[in-house]
2 protein chains.
Amino acid sequence: MSSLRELAQMLGLSITTVSRALDGYGDVAVATRERVLAAAETTGYRPNSAARRLRRGLTEIVTMVLPAEPGHFNEPLYIELLRSTGERLAQQGYDLTLIAALPGPDELKTYRRLIEGRRTDAIIVVRTRREDARLRYLTDIGFPFVAMGRSDFSEPYAYVDGDGEAAFHDAALRLAGLGHRRIGHLAAPSAFTFAHLRRSGFARAMRDSGLPGEIVEDSATEAGGYRAAGVMLAQAEPPSALLCATDSMALGAMRAVRERGLVAGRDIAIIGHDNIPAAAFSDPALATMELPIAATGRRLAEMALARIGGADPRDMTEINPVEFLPRASLGEARG
Amino acid sequence: MSSLRELAQMLGLSITTVSRALDGYGDVAVATRERVLAAAETTGYRPNSAARRLRRGLTEIVTMVLPAEPGHFNEPLYIELLRSTGERLAQQGYDLTLIAALPGPDELKTYRRLIEGRRTDAIIVVRTRREDARLRYLTDIGFPFVAMGRSDFSEPYAYVDGDGEAAFHDAALRLAGLGHRRIGHLAAPSAFTFAHLRRSGFARAMRDSGLPGEIVEDSATEAGGYRAAGVMLAQAEPPSALLCATDSMALGAMRAVRERGLVAGRDIAIIGHDNIPAAAFSDPALATMELPIAATGRRLAEMALARIGGADPRDMTEINPVEFLPRASLGEARG
DNA sequence: AACCTCTTCCAAAACGTTTCGGATGACATT
DNA sequence: AATGTCATCCGAAACGTTTTGGAAGAGGTT
């Protein structure tokens, strides 16, 4: 039933033996182990997690801390990430808890409460920033953590990231190859590493191809993309291609383009990043890039478990390639 | 420091007194309480959650079980729901854990593991279905739960829902009022209660206004909306208005409309539901409906806590009004 | 002085698990 | 017959908290 004691009593064995039988120690006779396992099965015995956590000093919980900014939060990406991470953790008997923490002066308080209250064994940090006090803090106190995304942080830490630099470099060169001579980049706030990397890749491609390359930065939302594209298109010689940091920005940019009577994919090329569901159904369909989000979630889970086990974060860095998805908004090669 | 024992030793008090001082019992002298609180503050004492959970028999965890179907999962709604629910629970010292469970024969296994392992104090069930074995199971074993969305379930249970029936009734009447005589409804799978209610509201409006009203059902995704709209528009006399169960479907429908050379908002009116971020930036902007998702999350949290406290679910039912957001895709009144 | 009331404190048990350090026999070895 | 080895098993401690059921003393009342 509910406790090891009851199970032991029922079997005429000691608590110790039952416990060790269930945990598969070599310490117990095969016949006994089977008897115990059978009894556990029929009575539906489940170890009390609070008790085992107390005794083992582990919570069997990994926590993902999500940035709570309303605008930046509602990206479909995260839900898929949560799903894949949670599933992988569950395979190991771990639970995934979720907390929201607003970036700002009180951000670390949330982490402290979590850690000092021993409410979690490891933390998954998402939406990393170039200067990220969270990585500093977690490293200093030696608490196991894994980051989704990189940071300008000198000490070794575990992370999984997409190769946004290469992806945006390649995408920009692709646009140049199609004949575009004025290419604009709608950048996300460069405090975020992902935004910085994508911008760097774009800038490198512009240097490589000897094109000017303009950049306008705004928030990584539809509204931000709309504003940034507005600025971009108000110029005397507006760009003929817009490389956008995210699909959300690209969808916003599309509206700005339409309002000026231009047709995306014909008058102006547009590329996004993330492959959100709406991207395939915009008008025209949005060319975009996709990173393997489910695999990323699984790797984050595995790394978190490894860090809990004491593994060295030095060996736990992974940068995944990003897949380019050409769609109508990319347009054709131009004369 | 880390334990009550150390704190007590340091203060020359018993563990009991320190514990009771921290919990605010009237049992301890004011001076002592303040001394204890001060010491707890400076040493940064945090109670060990596993120990308190074991002793109190509560996990201080609420679990949200998300449907893991890839297509249905990535709705931005859920992330906002998670955020608001989690924040409200955190105010009460509760954590929110998340697990994914595929609907199907093994779905209840996930619930059983959760409950029998005492890994959670309450469950939040989302995306309810008309016939929902989960509600039956949870009610039968008397486990505290709260549903987001209703179900055809005879016994009392706690839920928060939007009034999709009224919303779709009103939206359909609004279309009729604009002069539309052939109105189509792109329905989501009617096994889901939300889909059934929206469809019922639509059907009632058709009866009220004496219009035929056609319905095509498909999955609640962009692809589903695209297919359903294709069927709808292939008819001899296609509808002049499409009321879609979700924004995702509506965005898919828009593509089908475009491909037939029609212009949404001029040749055909389109309405969605959810107000996903992309809806305001589609071409034309998508008229939609919005339910107060953050408030819903908070209420779910509060109800879950109340259920844990033993409150009767009978009094815990809440149906919120849905706000209509007219946008360009609604079009003008027609001669 | 005896009794009662109140305030303030505390010892010890309990929650259910894991694990340390043996105990008990059976059997083989010397 | 003493010793050693091996396979099984178990008692008891420990994890850190909450809570029960008082104890000790101060002060008031009769």
- request: Among the candidates B:V231, B:V216, single out the residue that is of a type in the set (A, V, I, L, M), over 16 Å from B:E323 (Cα atoms) and free of Cβ contacts under 8 Å to residues at least 24 places away in the same chain.
  value: B:V231
- request: Out of the residues in region A:249-286 that are within 12 Å of A:A328 (Cβ to Cβ) and surrounded by fewer than 24 Cβ atoms within 10 Å (Cβ to Cβ), state the one that is farthest from the other protein chains (Cβ to nearest Cβ).
  value: A:R266
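To keep it simple, each residue is scored yes or no on (1) in contact with a strand residue (DSSP E or B) (Cβ under 8 Å, 6 or more places away or on another chain); (2) closer than 30 Å to B:A90 by Cα.
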site	(1), (2)
B:A234	no, no
B:M249	yes, no
B:D267	no, no
B:T296	yes, yes
query: In region A:226-248, which residues are more than 11 Å from chain B (Cβ to nearest Cβ), assigned to a helix (DSSP H, G or I) and open to solvent by 10 Å² or more (accessible area, probe 1.4 Å)?
result: A:R227, A:G230, A:V231, A:L233
- request: Sort out which residues of region A:50-67 are part of a helix (DSSP H, G or I) and in contact with a helix residue (DSSP H, G or I) (Cβ under 8 Å, 6 or more places away or on another chain), and write them in order of number.
  value: A:A50, A:A51, A:R53, A:L54
- prompt: Of A:D95, A:D106, A:D27, A:D23, which residue is open to solvent by less than 50 Å² (accessible area, probe 1.4 Å) and either of a type outside the set (S, T, N, Q) or not assigned by TED's automatic domain parsing to the domain that holds A:G309 (or both)?
  reply: A:D95
- line: Quick count over region A:31-41, residues being closer than 17 Å to A:S2 by Cβ, within 12 Å of DNA strand D (Cβ to nearest atom) and open to solvent by 50 Å² or more (accessible area, probe 1.4 Å), is 0
Residue in region A:16-30 that is nearest to the chain's Cα centre (by Cα), counting only those that are more than 7 Å from DNA strand D (Cβ to nearest atom) and either within 14 Å of another protein chain (Cβ to nearest Cβ) or not in a loop (DSSP other than H, G, I, E, B) (or both): A:L22
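Would you check which residues across region A:31-49 are assigned to a loop (DSSP other than H, G, I, E, B) and either farther than 26 Å from B:Y111 by Cα or near DNA strand C (Cβ under 10 Å from one of its atoms) (or both) and list them?
Here is the first cut: in region A:31-49, the ones assigned to a loop (DSSP other than H, G, I, E, B) are A:44-48.
Within region A:31-49, A:Y45, A:R46, A:P47, A:N48 qualify.
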- request: Could you grab me the full set of residues in region A:296-313 that are within 14 Å of chain B (Cβ to nearest Cβ) and open to solvent by 20 Å² or more (accessible area, probe 1.4 Å)?
  value: A:R298
query: Just to be sure, is B:R55 closer than 23 Å to A:L54 by Cα, within 14 Å of another protein chain (Cβ to nearest Cβ), within 11 Å of DNA strand D (Cβ to nearest atom) and at pLDDT below 95?
result: no
- request: Would you be able to tell me the number of residues in region A:1-15 that are within 14 Å of chain B (Cβ to nearest Cβ) and either part of a loop (DSSP other than H, G, I, E, B) or more than 9 Å from DNA strand C (Cβ to nearest atom) (or both)?
  value: 3
- request: Return the pairs, sorted by first residue and then second, in which the second residue is among the basic types (K, R) and at pLDDT 85 or above, the first residue lies in region B:69-90 and is part of a helix (DSSP H, G or I), the beta carbons are less than 7 Å apart, and the residues are 6+ apart or on different chains.
  value: B:F73/A:R83; B:S84/B:R298; B:R88/B:R298
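Results for (1) of a type outside the set (A, V, I, L, M, F, W, C); (2) more than 30 Å from A:E60 (Cβ to Cβ), shown as yes or no for each residue.
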site	(1), (2)
A:S282	yes, yes
A:L286	no, yes
A:D315	yes, no
A:R327	yes, yes
A:G331	yes, yes
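The values are calculated or read from the model by the stated rules, or taken from the named source; none is laboratory data. Keep in mind it's a predicted model, so treat the numbers as computed, not measured. FYI the Cβ positions are ideal-geometry reconstructions off the backbone, even for glycines, and counts take in every protein chain you see. The protein model used for the area step is the full one, side chains on, heavy atoms only, and it has no ligands, DNA or RNA in it. Shrake-Rupley method; radii C 1.70, N 1.55, O 1.52, S 1.80 Å.
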